[in-house]
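What follows is calculated from the coordinates using simple rules that are stated; it is not laboratory data. What you are looking at is a predicted structure, and each value in this text was computed from that prediction instead of being measured. Backbone-built Cβ (ideal geometry, glycine too); neighbour counts: all protein chains shown.
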Amino acid sequence: MKHLKEEIRRHTAQLLSRYGELTPITDQIAEAYRVMEKTYERGCKLLIAGNGGSAADAGHMAGELMKRFRIHRPLPKELQERLMQAGGDRGAALAQRLDMPLTALSLSAHEPLVTAI
């Protein structure tokens with residue numbers, strides 16, 4: 001847990017060095033991170049929404065979470081094995097290259113869903 005707190009602190013410091021105007025909400029940024037982390041630890045999905053230009057930001061954020069950005073998130077061994085068995089060389093390549101997503105949905109990017117609600 002100490003390592004995690006230090007990592008949150010390090011990432012927050014890096015963010016604030018770029019965007020100093022966010023300093024007054026440092027605690028809220030760290031709390032948002034903790035909420036996201038708990039969401040994924042529980043196997044849940046992150047729902048993101050925005051209005052106007054923020055709707056585009058919500059879609060961008062969901063896309064960043066669904067694909068690898070920097071850190072490789074390997075598929076579970078069982079899924080890797082299934083890919084290799086089913087797909088030969090291509091399956092083996094996919095098993096090594098694919099990442100587990102951090103599942104996120106941009107509510108403002110799904111017009112059929114939004115209009116149905």
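Could you tally up the Lys pairs in the chain with alpha carbons closer than 20 Å? Skip any pair fewer than 8 positions apart unless they're on separate chains. Before the final figure, lay out each step's value.
Values: Lys2/Lys38; Lys5/Lys38; Lys38/Lys67; Lys45/Lys67; Lys67/Lys77.
Eligible lysine pairs with Cα atoms under 20 Å apart amount to 5.
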Calculating mean projected area of the Cα convex hull in nm² from this structure picks out, from (i) 9.7; (ii) 6.9; (iii) 10.3, entry (iii)
If you line up the long axis of helix 26-41 against the longest principal axis of the chain, both from Cα atoms, how many degrees apart are they, to the nearest 10? 20
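So what is the 222 nm mean residue ellipticity for the chain from helices alone, if each DSSP H run of at least 4 adds -39500 (n - 2.57) and you divide by all residues, rounding to the nearest 500 deg cm²/dmol? All intermediate terms of the calculation are to be shown ahead of the outcome.
Working: 5 runs with 74 residues, N = 117.
So the calculated ellipticity at 222 nm is -20500 deg cm²/dmol.
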Report the one residue of Gln96, Ala58, Gln28 whose Cα lies farthest in the direction of the positive end of the charge dipole of segment 1-114 (charges on C-beta: Lys and Arg +1, Asp and Glu -1; origin at the Cα centre). Gln96
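Is there a quick way to get the dipole size of the chain? I mean about its Cα centre, with the Cβ of Lys and Arg at +1 and of Asp and Glu at -1; what is the value in debye to the nearest 20?
Details: 17 positive and 14 negative charges, 77 e Å.
Value, rounded to 20: 360 debye.
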Report the calculated FRET efficiency for Ala86 and Arg42 (r = Cβ-Cβ distance, R0 = 30 Å), to the nearest 0.05. 0.50
Taking the chain as a Gaussian network, where each spring joins two C-alpha atoms under 10 Å apart, which residue of Arg34, Arg42, Arg18 fluctuates the most? Arg18
For segment 95-105, take each phi angle, set θ = phi - 60°, evaluate the Karplus expression 6.51 cos²θ - 1.76 cosθ + 1.60, and give the result in whole Hz per residue in order, putting x for glycine and proline. 4, 7, 8, 6, 10, 6, x, 9, 4, 9, 10
If amide H atoms are modeled at 1.01 Å from N in the peptide plane, then the residues at a separation of 5 or more from Leu105, or on another chain, having amide H under 5 Å from its own are Leu46, Leu47, Ile48
Take the chain, connect every pair of alpha-carbon atoms lying under 10 Å apart with a spring to form a Gaussian network, then pick out the residue of Ile29, Ile71, Ile48 with the largest mean-square fluctuation. Ile71
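Give me the net charge for the shell around Leu102: Cβ to Cβ below 12 angstrom, other residues only, Lys and Arg +1, Asp and Glu -1.
Details: positive: Lys45, Lys67, Arg68, Arg73; negative: Glu37, Glu41, Glu64, Asp99.
Once all neighbours under 12 Å are counted, the net charge is 0.
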Given a 10 angstrom Cα cut-off, can you work out which residue in Ser106, Ser17, Ser54 is the most mobile in a GNM of the chain? Ser17
